[in-house]
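Each remark here refers to the structure printed beneath this line.
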Amino acid sequence: MSPPRRSSSSHGDRTSTENLQKNNSSNSGVILDISTLKMAEVDSEVPPLPPRYRFRDLLLGDQTFQNDDRYQEEYSMDSTNAQVQVEFYVNENTFKERLKLFFIKNQRSSLRIRLFNFSLKILTCALYILRVSLDNPKDTPCPMCQNNSLTNTTETPGEIKWGYIFWVNRRVPVWAIQVTVALISFLETMLITYLSYKGNIWEQIFQISFILEMINTVPFIITIFWPPLRNIFVPVFLNCWLAKGALENMINDFHRAIQRTHSAMFNQVFILICTLLCLVFTGACGIQHLERAGKELSLFDSFYFCIVTFSTVGYGDVTPQIWPSQLLVVILICVALVVLPLQFEELAYLWMESQKLGGNYSRHRAQTEKHVVLCVSSLKIDLLMDFLNEFYAHPRLQDYYVVILCPTEIDIQVRRILQIPLWSQRVIYLQGSALKDQDLMRAKMDDAEACFILSSRNEVDRTAADHQTILRAWAAKDFAPNCPLYVQILKPENKFHVKFADHVVCEEEFKYAMLALNCVCPATSTLVTLLVHTSRGQEGQLSPEQWQRTYGRCSGNEVYHIRLCDSKFFGEYDGKSFTYASFHAHKKYGVCLIGVKREDNKSIMLNPGPRHIMAATDTCYYINITKEENSAFIFKQEEKHNKGLPVTGLYDAPSRLPVHSIIASMVDQATSYGTVAIDLQNPDPPEESSKLTLPTENGAGSRRPSIAPVLEIADSSAILPCDLLSDQSEDETNQSDEEGSVGSDFVKGYPPNSPYIGSSPTLCHLLPQKAPFCCLRLDKGCTHNSFEDAKAYGFKNKLIIVSAEMAGNGLYNFIVPLRAYYRPRKELNPIVLLLDYPPDNHFLEAICCFPMVYFMAGTIDNLDNLLQCGIIYADNLVVVDKESTMSAEEDYMADAKTIVNVQTMFRLFPSLSIITELTHPSNMRFMQFRAKDCYSLALSKLEKIERDKGSNLAFMFRLPFAAGRVFSISMLDTLLYQSFVKDYMIAIARLLLGLDTTPGSGYLCAMKITEEDLWIRTYGRLFQKLCSSSAEIPIGIYRTESHMFSTSECKDSYLQSQVSINVEQGEEQRDRRESWKEKTAHRNSTTSDQSEHPLLRKKSLQWARRLSRKSAKPSSRAERISQQRLNLYRRSERQELSELVKNRMKHLGLPTVGYDEMNDHQNTLSYVLINPPPDTMLELNDIVYIIRSDPLAHMPEDSQVGQTRSMRNQQDFGTETRDETHL
């Protein structure tokens, strides 16, 4: 109970513990004194940890800590306190263990010991050099010789003076210092040997370091007791090898002490340099000493000889003369031949490994330079070049560095690309994982300007690829919370896991929405792809084809933003309506204002309509060839020919004639696409009124109708809704019987069942009641209906068929844009999903509320499946890339099956518009492939030329891409990269594609130019007409031209003439048959009937006639016979395919009336013109892309009330399965 009793007990326990410690040689000890075990509450502070290990701990152990007064007070034992005594100690109590801890284990103390040892070795080498410099061989004493001197001995020519080798002239101060150093080194060596002893004494004795220590120290210690040996030669210069080992250990201890890893490459280079220095120093000292017995050499001459010898130069001016020195040279060369190759091999191996792992981005560079990190699962050459070309296309990013972090070894092609000087100084490849903080530290993620995390889309299991992306995003956010994240995700159901990222692009969302809009707005994929690619608009400017020059120049248009108060384009429209600002900016500067964002609102609105009044703080989003900051304004003044009026400054007088300007890019000089004064009168008025034609003023029949001006402030009565708006806002009771039969059962509301979390709610056309799952099957009847094929349903509109491998959640985004509330009911196309695997009930639950949506199990390589799903009644066939074919042994062969199947359908159904998704954009040249088409070969050469020029859009002139019939999701990777500079691009793209709906924001649609609209003449006049009548903003034109494709020899001009004349005659006859259809067709249709062959333009007809006249001589009989045989061959092949299809249709019990095998698009080409100049002439069958304002923003209140009621009726329809959303 008393303290003495506790002390004795504690002392006894400690003594027994020390004995146990000695026996077991453990590293820690725990003492439990359990006399009586009682649980008691003790309120006491935790004793402090022992201080840092010092030299006094070496002598006293842990006694100072254990005998601390505070320790005894806190842990005093009495009858009322705890009965369990626990003593902790970290360091061993034995003297040997404490010595081992101080000299070996402890990082800081062992570092000091090795530093002291290294200093001793360097001192001994310096003392040897000092002794050599003071040495005089003639004064060398010899205790074994007569008269104690070597000078008195007789010399014979050629005899080796062995006394000069064994004895040296060592002065007493030098000897005293060397003896002291040797004594200290000997004691240290013996102590380290004792502490490192592990039971085998011979292992310690025969170590090279121990032998060298004994050679360099024992002779000096002997001279203390035997003075005649004080001048004996001792090879002290061998201490350089001991210094080398001490320095290596010291560097390792230093890095351990500061807890920082160092490069293995640096360590190996350091070892190699030290080895070379030791070899040279050993050779120089040894040769110099041995040559004392022959031709006396200085230490410098010996050093010179070693350098010349080891560098394999061998001048021969300095050579050893006696055989001992020559033998030493042989030994040194043999050692060098053994040691140095091993060192170089290790260095080469580490260099190769470092090349695989990549370099290291230093902290100094990260703090002084700007860099971004690119995290990928596997780096392919296409992905890398797309990223680098798009990232460095912006001028302000030229000083940025790109650090690639990839877990796989660098590819040979990627390595070759990164060795190009253009990229070698700006791109750093690191092999590592984003899940390791060490690798993120190597990439300096916390100092990065941004982190791009891309998914591996070529993986068979795309869900697993998304899971890896999610973990990388989480790891990057955890390591660097302030670093902006740009994440690419594949499947939409995984998007909500990375919603914390600054920018997220879901691949399947964008893909399916874009493919859906391709069916109603042709070539939407091409339009969006050109908008999100950075281009200067210089592609194709040297081409002889006019359409390529126009198409290439307009492809340079991109989306930019600027504040209204800072803008020259829009600053003067403060307080004006949005429509007024958009039209006049396009008229004056050629820019297309498409959207705006309020300062107090984070949402971007596309075409908010004329009721939106521009404010100085608004952010304007516009399409132009370059941004305003890089534009120069060159104002032109028109000559007045009428009355000789003087020329005045037109820019300062906006009330006079409109200003003509040219916007010249500061990068691309003199790029003129300026505006043209819009003439408000037309001498040739159309015979019939049109939707785009306003009534004549004052009933004057001789004066053509004029286009109403765009009002500065909105006037509700002046804005005439277009046909689509009237269709959407009309009441169901006002529909005709025919229209009511199409959409009388449809209601408007939000889809009740979202297939995944994070989908944006969109107002759609819905069924009043959910359709049973059995009714969604197209090819099988049920108790509700007996239809078994598409013909039996009797659809009034053409079908849209989607071929996919499985019904993923992304397919939901294909249906929503086609069933959006702003689509006219009478123009809704039935959607048929042709799936390889039947969908699950979860997907059917999500689509059963949409009208005219069906599915069928089948594949596109099965003709029977295609015929059953109604391909002959389809307007568009969308072929989605299959996940199982995205990976192949040869990367670019992943599209082989899709391309061949599409080519087969193109031959079987030439009138069908096929929209295909490919994995690799470079494979689009095989779509609708013609082996002998000279024009396609010319386009291939043009693509190579543009690629050599460094164009990011070298594939843009391929006819399938220009026409919007082929698409690759990898083209949209630039959308994520461009968001680093333009953070609004993803939001604008989602609004254009209908993925997001913002209240008051418009939507993308299309209208077709018919004969009744050609009086407008120019694109600028059409801009004014749309803005003044229906408040719509046009952004581009989809143009289809007739073109002659030669499938025979390129030099046969006569055959080309005949083809031109035949096409001309056929088109003239077709024009007479279809002219009445064009007049009665619905003009504002958002669907493009691509099955109709477009009419030849007047220029093409004139060109065909002129080409036929240029035929100098008539064709020979052999040529005519060969042409007839070719036509017969083609006809027989076409008839063969036709018979095949008709026989299969008869076998399936389908009528063959709708199959038309002759109507195709082989003589046309189509392309997209983004924001063409105002003076661009409109042509027949042009399809104009327009952004239409939100219909709900213009609906009267009573209509909105009715709409609300219809949506309320859907609440009970949608709430019952909300909780079944797939996570």
Study note, to complete from the structure: When every protein chain stays in place and a 1.4 Å probe is rolled, 920, 561 sorted by accessible area with the largest first are 561, 920
Review point. Given a 1.4 Å probe and the protein chains all in place, what does the accessible area of residue 502 round to, in Å² to the nearest 10?
Key: 80 Å²
Revision key, fill the gap. In whole percent, the fraction of accessible protein surface over segment 837-951 that belongs to carbon or sulfur atoms, probe radius 1.4 Å, stands at 54 percent
Point to revise | Point-to-point label distance, residue 136-residue 630, nm (Cα→Cβ direction, 7 Å offset) | key: 8.2 nm
Study note, to complete from the structure: Given a 1.4 Å probe, the accessible area of segment 520-571 per residue, as a whole number of Å², is 29 Å²
Exercise for review: Just order 855-862, 448-455 by mean Cβ neighbour count inside 10 Å, highest at the front, would you?
Suggested key: 448-455, 855-862
Practice item. Provide 415, 947, 1188 ordered by accessible surface of protein heavy atoms (probe 1.4 Å), highest first. Key: 947, 415, 1188
**Study point:** For residue 869, distant residues with modelled amide H under 5 Å away
**Key:** none
Review point. Taking K and R as +1 and D and E as -1, what net charge do the other residues with C-beta under 10 Å from the C-beta of residue 797 add up to?
Key: +1
**Study point:** Inter-part distance where segment 975-1029 and segment 816-882 are each reduced to a Cα centre, Å
**Key:** 27 Å
Practice item. Run the accessible area of segment 293-428 with a 1.4 Å probe and give the carbon-and-sulfur part as a rounded percent. Key: 62 percent
**Study point:** Most to least packed among 474-483, 797-806, 342-351 [average Cβ atoms within 10 Å]
**Key:** 797-806, 474-483, 342-351
Point to revise | Point-to-point label distance, residue 266-residue 792, nm (Cα→Cβ direction, 7 Å offset) | key: 7.8 nm
Point to revise | Unsatisfied cross-links (Cα-Cα over 23 Å) in the set 138/244; 499/602; 897/941 | key: 138/244; 897/941
Study note, to complete from the structure: Residues meeting the amide H criterion for residue 371 (H placed from the backbone, H to H distance under 5 Å, 5 or more places apart or on another chain) are 401, 449
Study note, to complete from the structure: Heavy-atom accessible area per residue of segment 353-500, all protein chains kept, 1.4 Å probe, expressed in Å², is 44 Å²
Check your understanding: How would 883, 1011, 788, 213 rank on accessible area, largest to smallest, probe 1.4 Å?
Key -> 788, 1011, 883, 213
Revision key, fill the gap. With all protein chains present, segment 563-613 has a carbon and sulfur share of its accessible area (1.4 Å probe) in percent of 41 percent
**Study point:** Phi to ³J(HN,Hα) by Karplus 6.51 cos²θ - 1.76 cosθ + 1.60 over segment 851-861, Hz, x for Gly, Pro
**Key:** x, 6, 10, 9, 9, 7, 7, x, 10, 7, 8
**Study point:** Packing-based ranking, highest mean first, of 833-841, 465-473 given that Cβ atoms within 10 Å are counted
**Key:** 465-473, 833-841
Revision key, fill the gap. Segment 395-494: antiparallel bridges as % of DSSP beta bridges, rounded to 5, reads 0 percent
Practice item. Provide the per residue accessible area, probe 1.4 Å, for segment 805-953, rounded to a whole number of square angstrom. Key: 33 Å²
Revision key, fill the gap. Plugging the Cβ-Cβ distance of residue 1133 and residue 842 into 1/(1 + (r/R0)^6) at R0 = 51 Å yields, to the nearest 0.05, a FRET efficiency of 0.65
Point to revise | HN-Hα J in Hz across segment 814-826 - Karplus 6.51, -1.76, 1.60, θ = phi - 60°, x for Gly and Pro | key: 7, 7, 4, x, 7, 10, 5, 5, 7, 7, x, 5, 6
Practice item. Name the residues whose placed amide hydrogens come within less than 5 Å of the amide hydrogen of residue 916, ignoring near sequence neighbours (fewer than 5 apart) on the same chain. Key: 879, 966, 967
Point to revise | Label-to-label distance, nm, for residues given as residue 948 and residue 900 (7 Å Cα→Cβ offset) | key: 3.4 nm
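The values are calculated or read from the model by the stated rules, or taken from the named source; none is laboratory data. Just so it is clear, the model here is predicted, and its values are computed rather than measured. Cβ atoms come from the backbone with ideal geometry, glycine included; neighbour counts cover every protein chain shown. What goes into the accessible areas is simple: the full protein's heavy atoms, side chains included, and nothing from ligands, DNA or RNA. Shrake-Rupley method; radii C 1.70, N 1.55, O 1.52, S 1.80 Å.
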